[in-house]
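Structure first, then comments.
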Amino acid sequence: MAALPLGATGLAPARRGTRIALPVALAVLALPLVTAAHHSRPAPYGDRLTVHARVDDARPGREPALRATGGAVRAYDEESGAPRWTYTRAGRRPVTLLSTPGHAVALWNDGLVTDTARADGRSVRWHRAVPASADWLRTPEARGGAGVLQPLTPDAAMLAVVTPHRIAAYRTSDGDLRWVLPARTGCAFEPARSVRRDGALLVAQPCTGPAAWTAQVVAVDDYGRIVPGRTPLGNGDLRRGPDGAGSPEN
């Protein structure tokens, strides 16, 4: 019997179809693997956010209470005590916590400052490393991070992070660094020895050598150090008086 052309038996089209279908099938099978690999990537900074309850389940407009315990920042409903969300970082623990409207700002034992969305805990807005702070936080002089996190405005739109070597101010909306004030040579800031007065934050700056008492106390606000005749740069807002007094220059 004479051999029939391949096309007459339909074998050639079937093989072509197989060659086309095989890569498509492999691609489809690979999608779950790609997705799993994406979700298994370690989170930046070791972050792990767990949302326990929807904001809709709580009273509208009421933000959860916060506490730092058991190596985590925890949010819970004040009335029922029900957990709302939990934020942990692998191998780290929160040293101190600042609760402000819309923000849960935490200082961690590795010297990282984080800002978590307080209402629903669904995102960590920003992370900022505080230089040369991790070792100091382990000492008794740190007093468990007392006074390190300081709001500079009534609405906490600006945050001061006070450590012995420097005071750094961040805009809480995005974590942008606005200004840095280093400690005077031979002196060091003491975050736990600070007080607010008339819109200013007064921070002790004791010195090892002879120094006038005025040099051992520093006054700052959201625009930086308060000194006579200053013309501070702005922080991207116009929250000062309508007459322009004290308004930012940029």
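The values are calculated or read from the model by the stated rules, or taken from the named source; none is laboratory data. This one's a predicted model, so the numbers in the text were calculated from it and none came from an experiment. Glycine also receives a Cβ, built like all others from the backbone with ideal geometry; neighbour counts cover every protein chain displayed. The accessibility values were calculated without ligands, DNA or RNA, using every heavy atom of the protein model including side chains. Shrake-Rupley method; radii C 1.70, N 1.55, O 1.52, S 1.80 Å.
When restricted to residues that are part of a loop (DSSP other than H, G, I, E, B) and either under 12 Å from the mean Cα position of the chain (by Cα) or hydroxyl-bearing (Ser, Thr, Tyr) (or both), the stretch 108-120 contains 2.
The single condition among (1) open to solvent by less than 20 Å² (accessible area, probe 1.4 Å); (2) over 23 Å from the mean Cα position of the chain (by Cα) that PRO206 does not meet is (1). Just so you know, in the stretch 199-228 the residues that are small (Gly, Ala, Ser), at pLDDT below 85 and not in a helix (DSSP H, G or I) include one that is farthest from LEU152 (Cα to Cα), and it is GLY209. The residue that is surrounded by the fewest Cβ atoms within 10 Å (Cβ to Cβ), counting only those in the stretch 121-143 that are small (Gly, Ala, Ser) and part of a helix (DSSP H, G or I), is ALA134.
Only residues that are open to solvent by less than 10 Å² (accessible area, probe 1.4 Å), free of Cβ contacts under 8 Å to residues at least 60 places away in the same chain and closer than 24 Å to TYR223 by Cβ: list them for the stretch 144-167, please. Don't jump to the end; show me each part of the working.
Of the residues in the stretch 144-167, the ones open to solvent by less than 10 Å² (accessible area, probe 1.4 Å) are 145, 148, 156, 158-163, 167.
If we keep only those that are free of Cβ contacts under 8 Å to residues at least 60 places away in the same chain as well, we get 145, 148, 156, 161-163, 167.
VAL148, ALA156, VAL161, VAL162, THR163, ILE167, listed by residue number.
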